[in-house]
Amino acid sequence: QVQLVESGGGLVQAGGSLRLSCAASGRTFSLYRMAWFRQAPGKEREFVAAIDWSGGNTLYVDSVKDRFTISRDNAKNAMYLQTNSLKPEDTAVYFCAGARYSRFPSYDSSYEYWGQGTQVTVSS
């Protein structure tokens, strides 16, 4: 079993930054790929970024490229999302996810482990 817990969300002004964290516990060695998704009120869950076990391969949705950075520290069983130049449209609950055998990194169905989410609110 794997447990994922997000933290680091909050209320920030447009243009500000937040560093989101995802702490993993349990059988963390089984997580080949981890990712961040987000869901705004009344909207579908959206892929944000993904990273493989080595941290050498990353993928971002176009809307956050050059603003967000995903990273992973396997020694600390942690994953991070550095969010810069935040915009009101970034407002959402951000979820971390993990997968053992995922093939499509941007598909939420590829991930079997999920955290509870952390709220990010960006004011204008």
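The values are calculated or read from the model by the stated rules, or taken from the named source; none is laboratory data. The shown structure was predicted, so the numbers you read here are calculated from the model rather than taken from an experiment. With ideal geometry, Cβ positions are generated from the backbone for all residues, glycine too; neighbour counts draw on all protein chains shown. Accessible surface areas use protein heavy atoms only, side chains included; no ligands, DNA or RNA. Shrake-Rupley method; radii C 1.70, N 1.55, O 1.52, S 1.80 Å.
Brief remarks on what is shown
- Taken together, the residues in region 53-67 that are touching a residue at least 24 places away in the same chain (Cβ under 8 Å) and either in a loop (DSSP other than H, G, I, E, B) or open to solvent by less than 20 Å² (accessible area, probe 1.4 Å) (or both) amount to 2.
- Count of region 68-88 residues which are within 15 Å of G15 (Cα to Cα) and touching a residue at least 40 places away in the same chain (Cβ under 8 Å): 7
- Just one of the numbered conditions (1) part of a loop (DSSP other than H, G, I, E, B); (2) open to solvent by less than 20 Å² (accessible area, probe 1.4 Å) is not true of I70: (1).
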